[in-house]
Each structure stands twice: as structure tokens, then as C-alpha cells.
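A.B. asks: Structure provided below as C-alpha cells; questions to follow.
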Ligand SMILES: Nc1ncnc2c1ncn2[C@@H]1O[C@H](COP(=O)(O)OP(=O)(O)OP(=O)(O)O)[C@@H](O)[C@H]1O
Ligand SMILES: [Mg+2]
């Protein structure tokens, strides 16, 4: 399948800072990819290279075969930067109309776009009066207008309340279903609510993961936590059987690796009446993210 | 071309909405009206058209005020958009950087032109109706003044873009714009005057001075307007043009040359700017 975005071996240094190192990532039409990483991992830098604002030191980037920043590439791409301040005195409708004109999009697409981001009621108010979330959605409307083939969104969900965020991901699926590829940056897996097809994680400018979320969860091999609720009489027996640590006098908690999970659970059920309840918790998205995004020495320090 | 017009229209919209147009018009009108009232005091001595006398003093006013307004309008154009992140949005769209600059220039020029037309136009009309000894020659002089003032404004808008594209912070760009104004319309003239006073008859006064006058767009503008006025209006500066190698009518080319140079240089710098 022809990729809409293809980067290979991209490296970028800012003087002594190595912002990106040998980053290769491809996105197919209609695919939603989340770009994660700690502060300063290089997410914004990668997006700015794809837009042609920054020149890479090494590597190649192609947008549907076109060079980044070329007129042909820019016709396919839309961008929402991390932070942008629109002219305060203009209304939301005027601002989106302006970008629609620059993109050569018909005027009658402006209102439907504002409707997608839920700004119809505020369309004719000055954007200086908008709340932070509304300004963020105005930025999104500006990026959405004209059905781009590749959407580059830098932290699009900051400032959005849970309901707006939910709507944002619904909107994203609709757009992706129509064939638009989306590359969005974010700070954590839990923020994404597992709403993307693939997750790419940058750590200190290197791509350390690029796979669907379930695969990452498996690859992280993080232990599963099992807590057994027992009775005061039987807790000693349970503790002897499984080890781990005792909690509140009547419960035992221990960890086990993913492949051993079923074996442990059947062992627990064999204990019969000694067990009143079992709680199994898989590693949270945050834990998976921390596994990939933290350096090894940091991982040790955090425990 | 469609993008150029869209950008120009956007700048005009912003200029109107944030009261720039109103503010600049009022400032120009108040100062111009002051000169109209002073100029229409019966002098008796001159036979010149009443309005033409006013135009002479207005052209000196323009030299100070219009470059200042133009620079204030333009210093923010690029540095400010980098600051606010909007330049990234514009440049992510399929428009060239040259088109962005040209669109902004047209927009800012229209904003300034509206302010000059309103400010000088209304003040001039008052002078025409209530002044003594006014004729259509005065109106022609006023029209020429307005047209050349707009051109001078365009020159300093273009020069302001050079300042704005050279730095990344709006604050620095503002400081640079003020420095340009101070140099071009105040210090430059003081230096020339000083040199003339030191040696009024020397080679400097005869050969170099006229060229230096032409080299500064603001001085060239004043020279053009004053010497083109009806000969009956007594103006001091016209005498300085006696050594000019070319007709004083050509002095008006100087602001246009600077305008084109300013646009060319700022578009070259803008090409290297990382939004
Ligand atoms: N113009 C620049 N000049 C110098 N260094 C830069 C520049 N832009 C980015 N950097 C450096 O490159 C690294 C990556 O920055 P980048 O903005 O891409 O991070 P990020 O992943 O977007 O972080 P955040 O989550 O905080 O937005 C950082 O160390 C940053 O200091
Ligand atoms: Mg960033």
C-alpha cells in the first residue's frame, strides 16, 4: 500500500542537543498513529520536519512522494501546533474562513467544520472571548477544513475536558474512516484512551516502539498483580502457597508474569473456601508507557 | 494571487477590528487640523493658494508621522506571527512566502491609505471650505500630498518588514522599528544640518548634500512636495535642491526605490525564517 507519510533514518541535531536519531516511521492512508514521548523527546521536532519548517541533518521524508514543504506536499497536509494565539478581535468563523481561503477550500465548508468541533454557537463571537478548550477546538477546525490527507496534530487534546476529548477521538475516527491519516502527539498512553491504531514512542530522539497497543502491552512483559481476599484463619495458608505480601491481615497480593496467569488462577480456585475474592489487575497503560519511555536508570530509580 | 488577496483582506480586517484604522485616522486628522487652523490665519503677505500653504506644512508633518505609523503597523508582521505561532499555520498552507509578504504589504498599505485619506482628506476639506483664497490648485496639491504620503508609508511598511523578519521577538522588532524611525527622520536631518552649518559654501553643501537628501526617502518626499507646490508658496527647504543633478520631480522615485528594496530584502530574509 502506498504510504501517505514515509520517513526513514531522520536525524536532527540542535547544536549539542540530539533531538532526533534515526527515526523511521510510515503511515498509511486512514491510519491513526499516536506519537508519544517525554518532554523534549523530539515529537514537535519530527512534526516540524515533516512540515518542511526544519531541515533534517540526515534521512528522507516523503509526503505521498513529495518533498516536505513543497507546494504539492502542503496541499495534502494540515497542522495544529502546540500553541497558537489567533487574532483576538476576529471571530471563529472569520479565522476558519481565512485558512479555508489559503487552502483553496470553498466557503461553504467553513460552518460544517465549525460544527464538527462544536463551535457553531460561538462562531460569531471574537475568539479573544473563547475558553482555552474552545481555542484549542478552533485550532482543530483550522486544521480540519478542506479534508487534508495527512493531519499533523501536536498535543491536540491539551485543555479539552473529558467530554470534548471523547468527541475529539470520535471525530478522529470519522476522519480516518474517510481516508485521512492522522499523526498526533501526546504525553501518555492513558490520555489516548486506546483510540489510535498504532502507538509510536520516542525516547531521547529515538523511536523505541512502533506497534498497535496490544502488542506493546505484550512486549513490555509487565507482571500482572493478583490480590486474594481470604479469611483471617486461612490467610497464612494462602500466603505460604503463593508468597507475595500480606495486606490488612486477610489479603495476599503477589505478581506473576503474563504466561503464568492462568496456572495461578486455577491454583487459586483449588483453594476453595479459603478464598473469598480474587482481583486481577493487568498493567495500566501508564505503566506500559513508562516502561518504554523511561530510560533504564530512571526505571530503577522510580521503583 | 488569490492567496495574496486573502492575506491582504485578513490584515485589513484585523486593522479595522482592532481600531488601528480609527486611531491612525484620528491622530493624522488632529495634527492636520491643527496645521489647517494655523495656516489659515490671515497672513496677507503671500498670494499663494490658502490650501497650498497648508499642504506645505502638512508635508513636513507627514515626514514625521507617516513613517512612525507605518513602522508601528509593520514591525509585528513577521516576528509577532512567529511569537504567536500563526506563521506556522499560514506556511503550512500552500502559499509561498513571497505571497505572504505581498499580501501583508497590500493589507497594511490599504489600512494606512484609509487613515491618510480620512485624516488629511477631512482636514483638507475643512481648510478648503473655511479657508481664504482657496482654489482648485490647492485641491490638486492636497491630492498629490495624500498620494505621495501613502507611497512614503508603503516605503516604511516595507522597511518595517525587514526589521520584523530579522528578529524572532516582537519586542526586539519594536525597538528596531523605533531606531529606524529615529535615524531616518530625526538624526539623519540633524546630521545633514550640522554638516551644512559647519561649512555652508563648501564642496559638501554643493555636491554631496543633494545626493544625501535624495538618499533618504523621507527627505526626498519632502523635497518633491515642496518644490512641486505652486511657486508662490515660500518654502525653506527648496533652496537646498539647487545643486541637484536631476529634476526635483524625480525625487519621488527615492521612496519607491526604497520600497522595492525593502520588500526584496525582507522576502529574502523571510525565506530563511523558521516559523
Ligand atoms: N529551535 C531549537 N533550538 C534548539 N534546540 C531545540 C529547538 N527546538 C527543539 N530543540 C530541542 O530539541 C529537543 C526536542 O524538542 P521537541 O520540542 O521536539 O520536544 P517535544 O517532544 O515536542 O517535547 P514536549 O512534549 O515538551 O512538547 C529538546 O531537547 C529541545 O530543547
Ligand atoms: Mg512538543
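A.B. asks: Remind me, what semi-axes does the protein assembly as shown give for its equivalent ellipsoid, largest first in whole Å, using sqrt of 5 times each Cα gyration tensor eigenvalue? Intermediate results must be reported in sequence, preceding the final value.
C.D. replies: Details: eigenvalues 959, 112, 84 Å².
Equivalent ellipsoid semi-axes, largest first: 69, 24, 20 Å.
A.B. asks: Once the Cβ-Cβ distance between residue B:5 and residue A:211 is put in as r, and R0 is 45 Å, what FRET efficiency do you end up with, to the nearest 0.05? Could the numbers behind the result be given before it?
C.D. replies: Working: r = 47 Å, r/R0 = 1.05.
For residue B:5 and residue A:211, the calculated efficiency is 0.45.
A.B. asks: Using only Cα atoms and rounding to the nearest 10 degrees, what angle (0 to 90) does helix A:92-102 make with the longest principal axis of chain A?
C.D. replies: Rounded to the nearest ten degrees, it is 70.
A.B. asks: Sticking with the crude label model, points 7 Å out along Cα→Cβ, report the distance from residue A:246 to residue B:64 in nm, one decimal please.
C.D. replies: Going from the residue A:246 label point to the residue B:64 one covers 9.2 nm.
A.B. asks: Between residue A:237 and residue A:129, what FRET efficiency comes out of the Förster formula 1/(1 + (r/R0)^6) with R0 = 60 Å and r the beta carbon distance, rounded to 0.05? Intermediate results must be reported in sequence, preceding the final value.
C.D. replies: Numbers: r = 66 Å, r/R0 = 1.11.
Computed FRET efficiency for residue A:129 and residue A:237 comes out at 0.35.
A.B. asks: Given region B:52-192, report the % of alpha carbon pairs whose separation exceeds 24 Å. Please report the intermediate quantities before stating the final value.
C.D. replies: Working: 4024 of 9870 pairs.
So the pairs more than 24 Å apart make up 41 percent of the total in region B:52-192.
A.B. asks: Right, here's the next one. Could you give the length gained by full extension between residue B:137 and residue B:19, i.e. 0.36 nm per residue of separation minus their alpha carbon distance, to one decimal place?
C.D. replies: Working: separation 118, 0.36 × 118 = 42.48 nm, distance 3.38 nm.
Using 0.36 nm per residue and subtracting the Cα-Cα distance, I get 39.1 nm.
A.B. asks: What is the average number of partner chain Cβ atoms found within 10 Å of a Cβ in A:68-81? Walk me through the numbers before you get to the answer.
C.D. replies: Values: counts 0, 2, 1, 4, 1, 1, 6, 2, 1, 3, 3, 5, 3, 7.
Counting Cβ atoms of other protein chains within 10 Å of each residue's Cβ and averaging gives 3.
A.B. asks: Still on this structure, I have one more. From the P(r) of region B:1-112, could you give the percentage of C-alpha pairs in the tail past 23 Å? Could you put the intermediate results ahead of the total?
C.D. replies: Values: 2777 of 6216 pairs.
The calculated P(r) of region B:1-112 puts 45 percent of pairs beyond 23 Å.
A.B. asks: I would also like to ask the following. Using a Förster distance of 41 Å, how high is the FRET efficiency between residue B:257 and residue A:17, based on the Cβ-Cβ distance and rounded to 0.05?
C.D. replies: Working: r = 44 Å, r/R0 = 1.07.
Taking R0 as 41 Å, the efficiency between residue B:257 and residue A:17 is 0.40.
A.B. asks: Take every residue in peptide A:85-94, count the Cβ atoms of other chains within 10 Å of its Cβ, and give the average of those counts. Write out the running numbers ahead of the final one.
C.D. replies: On the way: counts 6, 4, 9, 3, 8, 5, 2, 0, 0, 4.
Across A:85-94, the average partner-chain Cβ count within 10 Å equals 4.
A.B. asks: OK, next. Once Rh is set to the Kirkwood radius over Cα pairs, what Stokes-Einstein translational diffusion coefficient, in µm²/s, holds for region A:223-281 at a temperature of 4 °C and a viscosity of 1.567 mPa s?
C.D. replies: Working: Rh = 11.1 Å.
My calculation gives 116 µm²/s for D.
A.B. asks: How many percent of DSSP beta bridges within the protein assembly as shown run antiparallel, rounded to 5?
C.D. replies: Values: 34 of 53 bridges.
The antiparallel proportion sits near 65 percent.
A.B. asks: Report the Stokes-Einstein translational diffusion coefficient (µm² s⁻¹, integer) for region A:13-156, Rh taken as the Kirkwood radius over Cα pairs, at 4 °C with viscosity 1.567 mPa s.
C.D. replies: Numbers: Rh = 16.4 Å.
Result for D is 79 µm²/s.
A.B. asks: A further question on this structure: On the first, second and third principal axes, largest extent first, how far apart are the outermost C-alpha atoms of chain B in Å?
C.D. replies: Result for chain B: principal-axis Cα extents of 63, 47, 30 Å.
A.B. asks: Please report, in whole Å, how far the alpha carbons of chain A spread along each principal axis, starting with the longest.
C.D. replies: Rounded to whole Å, the extents work out to 75, 47, 37 Å.
A.B. asks: Still on this structure, I have one more. Could you identify which residue out of B:16, B:66, B:36 has the top mean-square fluctuation in a GNM of chain B using Cα springs shorter than 10 Å?
C.D. replies: Comparing B:16, B:66, B:36 in the GNM, the peak value goes to B:16.
A.B. asks: Across all directions of projection, what mean area in square nanometres is found for the Cα convex hull of region A:1-71? Don't jump to the answer; show the numbers that get you there.
C.D. replies: Values: hull surface 19.7 nm².
The Cα convex hull of region A:1-71, projected and averaged over all directions, gives 4.9 nm².
A.B. asks: Could you tell me how far the Cα centroid of region A:93-131 sits from the Cα centroid of region B:162-180, in Å?
C.D. replies: 32 Å
A.B. asks: If you line up the long axis of helix B:136-166 against the longest principal axis of chain B, both from Cα atoms, how many degrees apart are they, to the nearest 10?
C.D. replies: Relative to chain B, helix B:136-166 is tipped by roughly 40 degrees.
A.B. asks: Measure off 7 Å from each Cα along the Cα-to-Cβ vector at residue B:193 and residue A:282, then give the distance between these two points in nanometres to one decimal.
C.D. replies: Inter-label distance under the simple model: 8.3 nm.
A.B. asks: Moving on to the next point. Tell me, how many Å apart are the Cα centres for region B:120-140 and for region A:27-76?
C.D. replies: 61 Å
A.B. asks: Using the reciprocal of the averaged 1/r over all distinct C-alpha pairs, how large is the Kirkwood radius of region A:156-303 in Å?
C.D. replies: Kirkwood radius, region A:156-303: 18.2 Å.
A.B. asks: While we're looking at this one, here's another question. Between Rg and the Kirkwood Rh of region A:134-231, both from Cα atoms, what is the Rg to Rh ratio?
C.D. replies: Numbers: Rg = 16.7 Å, Rh = 15.5 Å.
Ratio of gyration radius to Kirkwood radius for region A:134-231: 1.07.
A.B. asks: Could you work out how far helix B:50-74 tilts from the main Cα principal axis of chain B, as a 0 to 90 degree angle to the nearest 10?
C.D. replies: 20 degrees
FYI, it's all coordinate maths here, none of it is from the lab. Just so it is clear, the structure is predicted and the values come from calculations on it, not from any experiment. Cβ: placed from backbone, ideal geometry, glycine included. Neighbour counts: every protein chain shown.
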